[in-house]
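One structure below.
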Amino acid sequence: MLLTIRDLTKTFPGTVALDGVRFDLAAGEVHALLGENGAGKSTLIKCLTGMHARDGGQIALDGQPISPGSTQEAQALGIGTVYQEVNLLPNLTVAENLTFGRQPVRFGMVSRRRMHEEAREMLAGYGLDHVDVARELGAYPVAVQQIVAIARAVALSGKVLILDEPTASLDARETETLFEVVRGLRARGLGIIFISHFLDQVFDLTDRVTVLRNGRHIVTAGTAALNRVELIHHMLGHELEMAEARRGVQRDGPAMLRAEGLGRRGRIAPFDLTVRRGEVIGLAGLLGSGRTETGDVLFGRTPADRGALREPDGTAVELRSPRAAIAAGFGYAPEDRKTDGIVADLSVRENIALALQARRGWARPLPRAEARRLAEDYIRRLDIRPADPEKAVGLLSGGNQQKVVLARWLAMNPRFLILDEPTRGIDVGAHAEILRLVGDLTDAGMSILLISSELDELIAASDRVIVVRDRRHVSELVGEDICTDRIVQAIARPDADPEGARA
Amino acid sequence: MSQGLRRLAPQLVTLAAVVALVSAFFPGFLAVEIADGRLVGSAVDVLKRGAPVALLAVGMTLVIATRGIDLSVGAVMAICGAASAWAVSNGLGLGAALALGLGAGLLCGLWNGVLVALFGIQPIVATLILMVAGRGVAQMITEGRILTFSHEGLAFFGAGDVVGVPTPILIWIVTGVAVGLLVRRTALGLLIEAIGINRPASALAGVNARVLLIAVYVASGLCAAIAGIVVAADIRGADANNAGLWLELDAILAVVIGGTSLLGGRFSVAASILGALVIQTIDTGILLAGFPSEFNLVIKAGLVVIILVLQSPRLGPGLPGFGLRAPRAAGVARTEKATE
Amino acid sequence: MTSRLLPLYATIAIFLAAYLVCYLQFPAMLSTRVLGNLLTDNAYLGIVAVGMTVVILSGGIDLSVGSVIAFAGVFIAVLLRDTGLHPLAVFALLLATTTAFGAAMGGLIHGLAMPPFIVTLAGMFLARGAAYMLTIDSVPIDHDFYDMLRSYQRLPGGGRLTVIGATMLLSVLAGMILAHRTRFGTAVLALGGGAPTARLMGVSIGRTTVLIYAFSGFMAGLSGIVFSIYTGSGYPLATVGTELTAIAAVVIGGTLLTGGSGYVFGTLIGVLTMGLIQTYIVFDGSLSSWWTKIVIGMLLLLFILLQKGLLMLGHGRGAVSAT
Amino acid sequence: QTIGFSQIGSESGWRAAETTVTRQEAEARGIDLRFSDAQQRQENQIAAIRSFVAQGVDAILLAPVVATGWDSVLEEAKEAEIPVVLLDRQVDSSEDLYLTAVGSDLVHEGAVAGQWLVDNKPEGACRVVELQGTTGSSPAIDRANGFRQAIEGTPDIEIVRSQTGDFTRSGGKEVMESFLQAEGGGDNICALYAHNDDMALGAIQAIKEAGIDPGDDILIVSIDAVPDIFKAMAEGDANATVELTPNMAGPAFDALAAYMADGTEPEKFIQTESALYTQDDDPMAQYEARKDLGY
Ligand SMILES: Nc1ncnc2c1ncn2[C@@H]1O[C@H](COP(=O)(O)OP(=O)(O)OP(=O)(O)O)[C@@H](O)[C@H]1O
Ligand SMILES: Nc1ncnc2c1ncn2[C@@H]1O[C@H](COP(=O)(O)OP(=O)(O)OP(=O)(O)O)[C@@H](O)[C@H]1O
Ligand SMILES: [Mg+2]
Ligand SMILES: [Mg+2]
């Protein structure tokens, strides 16, 4: 075995994150690490690479016990990692990020020319030829950043490559590129740990699977020997009740909002959109196509500079700021939960009550008992773990943080809710739970704008799908047209954009 | 209630330790007697002399909770003291004097708040501007001299007493309790903490970050105004050059000793006031102990370092009473930096 | 590439424009004499600001530098007076002391997870207090070697390029190389971009923090040497508040106080801008004490607002962020 | 005629008065005065002098913030043939670098104050507390020394406590409060020596608030002769002050005029009088005479 982990234990105050976990990684395999949100996957990785000090257990690489104290030491041992949360430094250039710590040096000074050359070489094969390595990383979209992070980790990993949810913000094409690279590395004899909530990808890419649940090792098996249902059963400890697709349930509620030529220069071209009561509108498109921008304009985050949003009776809805939008009964769960969603040091209770409190105004505090009831209610309904309303949100696992942000908006009971990638980083169980919730909410009359990169999800949940391309709403699909082929077709439109052809 | 006490425990222990230390050098430190119907004693002096820093610390706590800092409070003290002194020495009466002083503080706070919240200037720089220019404004009011007055009504705020208790003590207690109640009995505290921890996310949740930011700087300006009036009333004169000089640093120190992080977020007004008392006890203790003046700074620096080391979250668990500060979630998922 | 450089260009443009305005009002401002003075008079500030830039780039702050400069002056003066050591030996001792002092602060900041603002504030009290303990008097420095250090190169037009002015330019150059051309510099920027991320990237946070504050301590020591050459004495009350001037210069130079973005060369421009303001006020000579303060504050504000304005124009769009 | 004036700052009422008087004197002589406020910083003063030189003024007045460190900039002025006159404080540079110095002898001031106490102390032992100026500033050092020299031969007088009050009123008041606490509520103190009047005025308030009678129970002697101390004297709260005249510029301008007219070299030190004022010198009249000088 390339890497063996035995009896790994890690406790945080109030949480046993890992409880005697074992894990093996062979050279030349891709090993999936699976489990619900908060199962302990990221913690396992962090203990392995020295980010967290482990409480107990042994780790051996090539039979030698190792105990890296920092990412640096892990890298020196040949373990390259793409972490789930923070990855790279947006204020440094792409080249600096890629070669960080190993920049080519001459006479003590970094040779920019050679650094840029090296960086370009490292990026070769990822389809990022258009990226200027001398520009700051922050100038590029998340997807590019994610791939840069992967390229860096690949270059650093002599023996082991760890990918913690690398595909969460990638689209299909980029995911495929990544998989090609991973397969190449596997062929070269590397061991690869792959964490993901996308089971399709797991079956597509990996050789073996290890499932964690509540910090315990549940099973390790060859991927081919498992089927989807078994796998989910291992992860959840019970069967998954699937939410049925909405198609056919078609609703024609009365129009509730009408956008007329709403747009903002440089962000999103003017678009018309009618939102009906109780319907789910899906927004499909490639990364950077302008979906988030649509949401931003509708919520007043980047106020529109043209057009208007009107009530059915013709009065304009004021959308100059998020506050105005909230006052108009809107809600918005943003795409980037870490920077725009959670307030890390506040407790789960306070995070859930935050928007409600902001709407009530500072002078009318939400009684503590009421806030607690609210928090406990949503902790139960969304299965937020650990179920402690007083825990600081920043200490929750990624997926659970996402649920807290959702709970904040559900507690507001808005009439129009914008969900930008609500299921990113969320496990299968919660995924289904959220989709079911979307169904329940619309039944109760709420309208939802759903932005998602997962076509299956869009198809399952939407009454209508609007396709966005190059910051423009290009087509609208309803009824039977809502299917993968039609959407992909509309997104790609080969004649316009031959390069991004197959999504 | 017990939770509140737990939050204050490190500060209370620190204060007790410093008091014990000073008492070792000056045994009569805690003795309080009643002379001419008023309380006198070193401990009373500490409470009285601590008033300016305690008042500044109240406002500074709110500003720091929003991840800001207010370097201008010393200069604002000078301006407001000067404005009040100017008013009484021009025969305007007590009401006008207080109104002018507080009004000046409000304007200064508004100025800072607008620069920070609307123009997006970083707090250190924004308030540095008023720190430099403000003292000039104060000097302009007093024309460079010490503007003395003999108005008993105004002097009462610095040198008077109510049933034997010096007025400055009552003023900071009342201000502290009022602000403490205001932020904790309403949702202000929560909202301030939220924008301090993650302003973009809070704004997106509908928190009116701009107005709140301006409000905390205004609060800080008002606290500085009260402190400025107390100081001017104390010496019956506005000393534009020296009133509040470098007190902003003491106030910030008080907030930090009080356990509020300079990175914003969770705060406690009461703990900051305790921090101010710790600093004043050290200052008074140095005076009482009778060391030569050139040792003052070294002693103060040494004690501050020791206190900070003992309160450090990294050393916490080993020492009873300390390290009770909750581990920050910062390491896990804090927004790195408020992008502009 | 450009977006990071934009604040730098804005700073340079504003400085040149301001110089033009001054020149139009007082033609003597464009003499080599004034230019030479700008370098000499701000040499100590420039040097310490280079150290401050590195600290600020890492997301920290160093409030101790003003006191350290004063300490350095007193240290040199007292040692030269009381011992037979050669100035160079004293310089070496001093630089070792201030560097160690900086390193100790860096160690505390990292080791205790305390904010730099507070640790260096304590350092500020401590260094000033240490200066007092050496002497409370101002001590003149009388040494032949110092006369040599005070030599200068005459420029056409009566100006002088002094040794200390040249030292400042060299320090800026060294700072530019360190911050922008070495692995250490990248690590500093990484730290400024966010410590947790930097840690994930393999930056040794503790080592880097210690080195950063040690560097700042070293530069403060060097600045103290230059200051002692400039004034030919040591005085424990010298350079009170210089840390704030240095911070203002760094910020005017286009470095973000939050860290992670900025240029050492911009700091040079920031320092010269502060010097220009000072010179302009002296040339004008009509401001009372209080108007001097108010005008300095307003000019600072003007520079910062102009910079913001230019940046916005450069980005080609208005307020982007939501509140 | 253009003359540059590098002033230390405006840290005290006395200094503000000096600035005012200098301006008045310049105006009376038709001099174009270029004023520069150095905000207590020597480096600013040096830079200002260099700018004056670059500007080509006819003469420079310098009130040096500290005694040391002026050699090179004074040399520069000398090279440019611009005479420099020092005001109110000395420098330790060679005498040929400046035309003359106008000022009072700080040590002498302290000595005058000390002598007054020697002459007026009550019978028996006298425990004195001292409010020092800003630690490290030359007036604080010299005034402390002068006072000690004067009381040296009088074993009855003992300085029991000495702390800095930073030359400010509030500093004086705060430190005096702790002195009173430390010295048995003030019963053990016979006299207070303050390095300037402002601190004395602050201390007087502290003494009054402690229920003691300043001027009688505790003798008060200080230096500067600012208007407010005369008021206190008139009310019997203060006993004596040593004058430091703010009119240093008058003699300086006269010396400069003579020098420029025919090259008359003035004396190197033009000492102003350190007059002693007590309650017997009609303090109210003194107050009226001074109150509009910008103190
Ligand atoms: N620094 C920490 N302090 C306290 N608790 C923590 C900390 N980090 C993680 N936890 C807890 O440890 C448990 C495991 O978290 P971990 O991040 O490993 O989950 P995960 O399997 O990666 O989940 P996800 O799929 O949501 O990313 C969670 O209950 C989490 O709340
Ligand atoms: N400051 C900026 N300057 C220039 N372009 C920017 C800036 N910020 C974002 N963009 C561009 O806007 C797009 C935003 O990326 P993002 O991936 O969020 O787009 P999106 O339309 O919301 O797609 P998705 O929702 O799938 O992520 C990217 O294409 C990025 O290049
Ligand atoms: Mg995870
Ligand atoms: Mg998006």
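The values are calculated or read from the model by the stated rules, or taken from the named source; none is laboratory data. Since we're looking at a predicted model, the values are computed, not measured. Positions of Cβ are generated from backbone atoms using ideal geometry, with glycine treated the same way; all protein chains shown enter the neighbour counts. The area values use the complete protein model at the heavy-atom level, side chains included, leaving out ligands, DNA and RNA. Shrake-Rupley method; radii C 1.70, N 1.55, O 1.52, S 1.80 Å.
Which of the following residues is open to solvent by less than 30 Å² (accessible area, probe 1.4 Å) and in contact with a Leu (Cβ under 8 Å, 6 or more places away or on another chain): C:T186, C:T167, C:T182?
C:T186
Which one is farthest from D:E76 (Cα to Cα), of the residues in region D:98-116 that are in a helix (DSSP H, G or I), of a type in the set (A, V, I, L, M, F, W, C) and in contact with a strand residue (DSSP E or B) (Cβ under 8 Å, 6 or more places away or on another chain)?
Here the residue is D:W116.
Identify all residues within region C:169-191 that are within 8 Å of chain A (Cβ to nearest Cβ) and closer than 13 Å to C:M52 by Cβ; write none if there are none.
None - no residue of region C:169-191 is within 8 Å of chain A (Cβ to nearest Cβ) and closer than 13 Å to C:M52 by Cβ, so the list stays empty.
In region A:413-425, how many residues are away from ligand 4 (no atom under 16 Å from the Cβ) and either surrounded by 21 or more Cβ atoms within 10 Å (Cβ to Cβ) or free of Cβ contacts under 8 Å to residues at least 60 places away in the same chain (or both)? Reasoning before the result, please.
Keep residues of region A:413-425 that are away from ligand 4 (no atom under 16 Å from the Cβ), which gives A:413-417.
Filter again for either surrounded by 21 or more Cβ atoms within 10 Å (Cβ to Cβ) or free of Cβ contacts under 8 Å to residues at least 60 places away in the same chain (or both), leaving A:413-414, A:416-417.
Number of matching residues: 4.
Going through region C:201-217 one residue at a time, which ones are surrounded by 24 or more Cβ atoms within 10 Å (Cβ to Cβ) and assigned to a helix (DSSP H, G or I)?
If the condition is that a residue be surrounded by 24 or more Cβ atoms within 10 Å (Cβ to Cβ) and assigned to a helix (DSSP H, G or I), then C:T209, C:I212, C:Y213, C:F215, C:S216, C:G217 are the ones that fit.
Quick one: which of C:V119, C:V74 is free of Cβ contacts under 8 Å to residues at least 24 places away in the same chain and within 14 Å of chain B (Cβ to nearest Cβ)?
On the way: C:V74 fails: free of Cβ contacts under 8 Å to residues at least 24 places away in the same chain.
Only one candidate passes the filter, namely C:V119.
Here's a check for you: in region A:426-451, which residue that is of a type in the set (V, I, T) and within 16 Å of ligand 3 (Cβ to nearest atom) is surrounded by the fewest Cβ atoms within 10 Å (Cβ to Cβ)?
Within region A:426-451, the first condition is being of a type in the set (V, I, T), and the residues that meet it are A:426, A:428, A:434, A:438, A:442, A:448, A:451.
Subsequent filtering for residues that are within 16 Å of ligand 3 (Cβ to nearest atom) retains A:426, A:428.
Numbers: A:I426: 24, A:V428: 21.
By that ranking, first place goes to A:V428.
Does any residue of region A:414-425 turn out to be closer than 29 Å to B:Q3 by Cα, more than 16 Å from ligand 2 (Cβ to nearest atom) and either within 14 Å of chain B (Cβ to nearest Cβ) or at pLDDT 95 or above (or both)?
no
Please list, ordered by first then second residue, the pairs with beta carbon atoms under 6 Å, 6 or more apart or interchain, first in region B:277-299 and within 11 Å of chain C (Cβ to nearest Cβ) and surrounded by fewer than 21 Cβ atoms within 10 Å (Cβ to Cβ), second of a type in the set (A, V, I, L, M, F, W, C) and outside any helix (DSSP H, G or I).
Listed pairs, sorted by first residue: B:E294/C:I136.
Note down all Cβ pairs under 8 Å where the first residue falls in region A:43-59 and is within 16 Å of ligand 2 (Cβ to nearest atom), the second is aliphatic (A, V, I, L, M), and they're at least six residues apart or on different chains.
Within 8 Å, no pair qualifies.
For region A:1-43, give me each residue that is surrounded by fewer than 16 Cβ atoms within 10 Å (Cβ to Cβ) and of a type in the set (K, R).
Across region A:1-43, the qualifying residues are A:R6, A:R22.
Does at least one position in region D:167-182 carry a residue that is of a type outside the set (G, A, S), open to solvent by 30 Å² or more (accessible area, probe 1.4 Å), in contact with a strand residue (DSSP E or B) (Cβ under 7 Å, 6 or more places away or on another chain) and closer than 30 Å to D:V85 by Cβ?
Checked region D:167-182: no residue is of a type outside the set (G, A, S), open to solvent by 30 Å² or more (accessible area, probe 1.4 Å), in contact with a strand residue (DSSP E or B) (Cβ under 7 Å, 6 or more places away or on another chain) and closer than 30 Å to D:V85 by Cβ.
Please go through region B:1-40 and pick out each residue that is within 20 Å of B:I273 (Cα to Cα), free of Cβ contacts under 8 Å to residues at least 60 places away in the same chain and within 14 Å of chain D (Cβ to nearest Cβ).
Across region B:1-40, the qualifying residue is only B:L30.
For B:A85, state whether it is touching a strand residue (DSSP E or B) at 6+ places or on another chain (Cβ under 8 Å), within 14 Å of chain C (Cβ to nearest Cβ) and not charged (D, E, K, R).
Answer is no for this residue.
Looking at A:T292, A:T315, can you tell me which residue is out of contact with any His (no Cβ under 9 Å at 6 or more places or on another chain) and surrounded by fewer than 21 Cβ atoms within 10 Å (Cβ to Cβ)?
On the way: A:T292 fails: surrounded by fewer than 21 Cβ atoms within 10 Å (Cβ to Cβ).
After ruling out the rest, the residue left standing is A:T315.
Among (1) in a strand (DSSP E or B); (2) open to solvent by less than 10 Å² (accessible area, probe 1.4 Å); (3) more than 14 Å from every other protein chain (Cβ to nearest Cβ), there is one condition A:G278 misses while meeting the rest; what is its number?
Here A:G278 clears every test but (1).
For region C:218-243, how many residues meet the condition of being under 27 Å from C:A187 (Cβ atoms) and surrounded by fewer than 24 Cβ atoms within 10 Å (Cβ to Cβ)?
Total meeting the criteria: 1.
Going through region A:331-379 one residue at a time, which ones are in contact with a strand residue (DSSP E or B) (Cβ under 9 Å, 6 or more places away or on another chain), in contact (Cβ under 8 Å) with a residue 60 or more places away in the chain and open to solvent by less than 20 Å² (accessible area, probe 1.4 Å)?
Once the filter is applied, which keeps residues that are in contact with a strand residue (DSSP E or B) (Cβ under 9 Å, 6 or more places away or on another chain), in contact (Cβ under 8 Å) with a residue 60 or more places away in the chain and open to solvent by less than 20 Å² (accessible area, probe 1.4 Å), region A:331-379 yields A:G331, A:Y332, A:A333, A:P334, A:G341.
Test of understanding: among D:G4, D:G30, which residue is open to solvent by less than 10 Å² (accessible area, probe 1.4 Å) and among the small types (G, A, S)?
D:G4
When you go through C:G102, C:G106, C:G59 one by one, which is the residue that is open to solvent by 30 Å² or more (accessible area, probe 1.4 Å) and either in a helix (DSSP H, G or I) or of a type in the set (G, A, S) (or both)?
Working: C:G102 fails: open to solvent by 30 Å² or more (accessible area, probe 1.4 Å); C:G106 fails: open to solvent by 30 Å² or more (accessible area, probe 1.4 Å).
Just a single option satisfies the conditions, and that option is C:G59.
Can you pull out the helices (runs of 4 or more DSSP H) entirely within region A:295-412 that have at least 1 residues that are more than 10 Å from chain B (Cβ to nearest Cβ), within 16 Å of ligand 1 (Cβ to nearest atom) and among the hydrophobic types (A, V, I, L, M, F, W, C)?
A:348-360, A:368-381, A:398-412
Identify, by number, the condition in (1) in a helix (DSSP H, G or I); (2) surrounded by 24 or more Cβ atoms within 10 Å (Cβ to Cβ); (3) more than 8 Å from every other protein chain (Cβ to nearest Cβ) that B:D70 doesn't meet.
It fails just one condition, (1).
Is there a residue in region A:49-62 that is surrounded by 22 or more Cβ atoms within 10 Å (Cβ to Cβ), within 15 Å of ligand 1 (Cβ to nearest atom) and within 21 Å of the chain's Cα centre (by Cα)?
No - not one qualifying residue is present in region A:49-62.
Tally time: how many residues in region D:135-164 are open to solvent by less than 10 Å² (accessible area, probe 1.4 Å), in contact with a helix residue (DSSP H, G or I) (Cβ under 6 Å, 6 or more places away or on another chain) and either at the interface with chain B (Cβ under 9 Å from one of its Cβ atoms) or at positive phi (or both)?
Counting residues in region D:135-164 that are open to solvent by less than 10 Å² (accessible area, probe 1.4 Å), in contact with a helix residue (DSSP H, G or I) (Cβ under 6 Å, 6 or more places away or on another chain) and either at the interface with chain B (Cβ under 9 Å from one of its Cβ atoms) or at positive phi (or both) gives 1.
Do we find that B:A232 is touching a strand residue (DSSP E or B) at 6+ places or on another chain (Cβ under 6 Å), outside any helix (DSSP H, G or I) and touching a residue at least 40 places away in the same chain (Cβ under 8 Å) in this structure?
No; evaluated as a whole, the condition is false for this residue.
Return yes or no: is B:A126 open to solvent by less than 10 Å² (accessible area, probe 1.4 Å), touching a helix residue (DSSP H, G or I) at 6+ places or on another chain (Cβ under 8 Å) and over 17 Å from B:I64 (Cβ atoms)?
no
Assess whether A:A168 counts as being open to solvent by less than 50 Å² (accessible area, probe 1.4 Å) and touching a Leu at 6+ places or on another chain (Cβ under 8 Å).
No: the conditions fail for A:A168.
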